[in-house]
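None of the figures in this text is laboratory data; all of them are computed from the coordinates on show. Given the structure is predicted, the values throughout are model-derived calculations rather than measurements. Cβ: placed from backbone, ideal geometry, glycine included. Neighbour counts: every protein chain shown.
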Amino acid sequence: MPRMNLTDASAIVTGGASGIGEAAARQLAALGAKVVIADLQEDRGQQVATEIGGMFVRCDVSSEEDGQAAVLAASEMGPLRALVNSAGLGRAGRTIDRNNEPMAQKDFDFVIRINLLGTFNMLRLSAAAMGKTEPLDGDGQRGAIVNLASVAAFDGQIGQAAYSASKGGVVGMTLPIARDLSAAGIRVNTIAPGLIDTPIYGSGEEADKFKNHLGQSVLFPKRLGSAEELAFMVVDVITNPYMNGEVIRVDGGIRMPPR
């Protein structure tokens with residue numbers, strides 16, 4: 001059975017203006033897909049879309065209206081075959097602080113809304129469009145969805161309650177959604193990255209020192225992973241027709257300590 005063919009198909013990459021999302025968008029475009037960059041970073045998102053021959057759609061992933069606009073844009077370029085849910089954010093905060101004051105509930109809610117509810121919003125809307133396409137092969141395959149979680153889903157550190165809960169939710173819904181979508185011929189997998197060198201760490205000499213320090217805690221190789229390396233796995237699980245219902249850590253073997 002050959003790999004899933006993305007030539008002349010469309011794909012949506014949320015958070016595709018930078019980091020892992022950008023790397024995945026570039027690799028999917030190289031395989032012939034027409035990619036929608038669904039992001040809030042307009043200037044950078046438009047630049048990436050232009051460079052890869054795709055389209056930028058300003059998108060808050062937790063908005064049904066924005067999600068529908070991204071799906072419509074993709075479907076107009078070709079049958080929607082792939083979704084990469086890469087948009088996400090963190091907001092560190094302890095459950096109670098050093099003065100025994102509780103975390104603001106709104107901060108917890110905000111992270112859950114983007115990382116978990118936003119992931120499901122884009123997934124359900126994209127799956128509906130994929131389900132209406134013609135099958136690609138004799139198995140009835142119509143598309144593939146990849147969610148980005150985090151090793152924090154398993155090894156959450158101090159101050160990561162909201163982030164870990166959001167990513168744990170993404171991990172937890174992977175198998176039941178894969179089961180839901182099996183009748184439509186749509187595969188669902190989740191990738192849990194470890195420490196990845198993305199713009200979140202900033203730039204400059206101090207940022208480089210900090211990243212080098214973090215890299216020493218990785219089993220091997222002793223460095224942060226690259227966005228390109230994560231995108232390799234994204235593309236692999238999209239294009240491998242037998243990969244379904246799985247959560248894969250891509251982390252250099254790291255197990256995160258409490259702090």
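Put a dot 7 Å past the Cα of Arg179, heading toward its Cβ, do the same for Ser203, and the two dots end up 4.7 nm apart.
Determine the alpha carbon to alpha carbon distance for each of Lys106/Lys209; Lys34/Lys106; Lys34/Lys211; Lys167/Lys211; Lys167/Lys222 and list only those over 30 Å.
Exceeds cut-off: Lys106/Lys209; Lys34/Lys106; Lys34/Lys211.
Listed from fewest to most Cβ neighbours within 10 Å, the set Ser164, Ser75, Ser10 follows the order Ser75, Ser164, Ser10. Helices assigned as whole DSSP H runs in the chain whose Cα atoms extend at least 27 Å along their own long axis and whose mean Kyte-Doolittle hydropathy is 0.5 or higher are found at 161-181. Taking a virtual spin label 7 Å from the Cα of Arg259 along the C-beta vector, which residues in the stretch 192-212 bring their backbone nitrogen under 20 Å of it? Residues passing the 20 Å test: 210-211.
Please give the contour-minus-distance gain from Leu219 to Leu117: 0.36 nm per residue of separation, less the Cα-Cα distance, rounded to one decimal in nm. Working shown, then result.
Working: separation 102, 0.36 × 102 = 36.72 nm, distance 3.25 nm.
Result: 33.5 nm gained on full extension.
Taking 35 Å as R0, compute the FRET efficiency from the Cβ-Cβ separation of Ala104 and Thr50 and round it to 0.05. Efficiency computed from Cβ-Cβ geometry: 0.35. The sum of -39500 (n - 2.57) across all DSSP H runs of n ≥ 4, divided by the residue count of the chain, sets its helix-only mean residue ellipticity at 222 nm to -13000 deg cm²/dmol.
Would any residue of the stretch 48-62 have its amide N under 13 Å from a label point 7 Å out along Cα→Cβ of Val171? List them or say none. Residues passing the 13 Å test: none.
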